[in-house]
Amino acid sequence: MKIEEVYTRYGTVAAKSCAKFLKQILPKIAPTNWWQTTVLDKLSEEQKRDNVSKFEDLDFAKLLTIFDNNWVDIVKKLKESKKDLKRDARSIVIAMKTYRIHSAHFPVGGLPTEDIIHDFDALWRFLVLVEADGEIIQEIKNINKLGPAHDFDENEIDRIINSIKQKPKKKAAKDQNENKNPKTEKTKTTTQQKSDSQSDSQREAKKREAELLAQLEESRKKEAELLAKFEEAKKKVQTKPPPSSKKAVKIYKIGDRGPAGGFVFYDKGDYSDGWRYLEVAPNDLGEAEWGLRGIK
């Protein structure tokens with residue numbers, strides 16, 4: 001199975017799981033008018049144009065919008081049921097919007113391995129959040145581990161999916177053998193020890209994942225702050241009056257010392273043909289010979 005097919009397969013699973021989860025919890029938020037209050041009022045104006053009339057009309061994009069916009073009330077209802085969420089849980093819903101985009105519009109040239117790992121990590125955590133089927137969640141965890149080791153090899157993906165499907169049969173056969181085996185208790189003890197070891201590894205992995213999500217959230221906050229500063233600086237530049245392109249021209253009155261050093265006795269009104277004022281010398285120049293000199 002190609003990676004883009006995996007995106008589509010589990011995108012559909014995530015959408016169905018999300019719809020089931022919301023359909024159960026939203027009526028508890030607004031029992032008398034939940035459809036209008038928690039669904040229609042939470043959609044964007046563009047999404048409302050699709051004339052949604054029933055829950056089955058909601059696609060994954062609308063479901064994620066509803067989930068995100070009802071987040072505060074959903075958390076309250078989960079706390080009433082004694083189900084506490086981590087502080088970074090909302091970022092999982094936001095990250096799933098990116099997964100949905102990749103699922104619906106998978107690039108022809110593919111995605112970087114790091115992006116796929118991030119998408120499937122968000123998918124796994126989201127499915128846990130909406131209480132999806134346990135086998136599906138295990139599939140996602142195993143597939144995501146293929147990134148660094150096998151670069152999401154198609155054969156490895158098929159092997160994981162097939163092995164998960166066969167596990168229940170193997171477990172049933174194992175239980176029958178244990179009932180016939182006198183060493184069942186010893187086997188159970190060994191199995192329990194392995195399970196405890198796996199639980200420790202899982203807890204450590206979850207802790208690391210929480211740290212990475214916290215770092216991601218911090219990066220997003222810094223990015224938002226930088227964007228806000230950029231917009232503010234851009235507004236200041238736009239509102240600042242442009243510098244005048246024309247140099248200030250001094251206006252001389254009759255009697256003022258003119259630009260040539262004499263007294264202005266005539267003002268033409270504006271500059272044309274290279275001049276505007278006529279000036280008279282400030283001192284008597286005495287007698288002077290008119291005409292050209294040195295020419296015979």
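Every number in this text was worked out from the coordinates using simple rules, so none of it is lab data. Since this is a predicted model, take the numbers as computed values, not measurements. Here Cβ is always computed from backbone atoms with ideal geometry, including for glycine, and neighbour counts include all displayed protein chains.
Full extension of the chain between TYR271 and ALA205 gives 15.6 nm of extra length, using 0.36 nm per residue less the Cα-Cα distance. Extension gain, VAL280-TRP35: 0.36 nm per intervening residue step, less the Cα-Cα distance, totals 79.0 nm. The distance between label points at LYS2 and ALA214 comes to 4.1 nm (points 7 Å beyond Cα on the Cα→Cβ vector). Among the listed pairs LYS28/LYS141; LYS82/LYS207; LYS2/LYS141; LYS28/LYS86; LYS79/LYS207, those whose Cα-Cα separation exceeds 25 Å are LYS28/LYS141.
So for ARG208, ARG9, ARG125, fewest C-beta neighbours within 10 Å to most, what's the order?
Sorted ascending by nearby Cβ count, the order is ARG208, ARG9, ARG125.
The convex hull built on the alpha-carbon positions of the stretch 34-100 has an orientation-averaged projected area of 5.0 nm². When PHE263, PHE126, PHE55, PHE230 are arranged by Cβ crowding within 10 Å, least crowded first, meaning fewest neighbours, the order is PHE230, PHE55, PHE263, PHE126.
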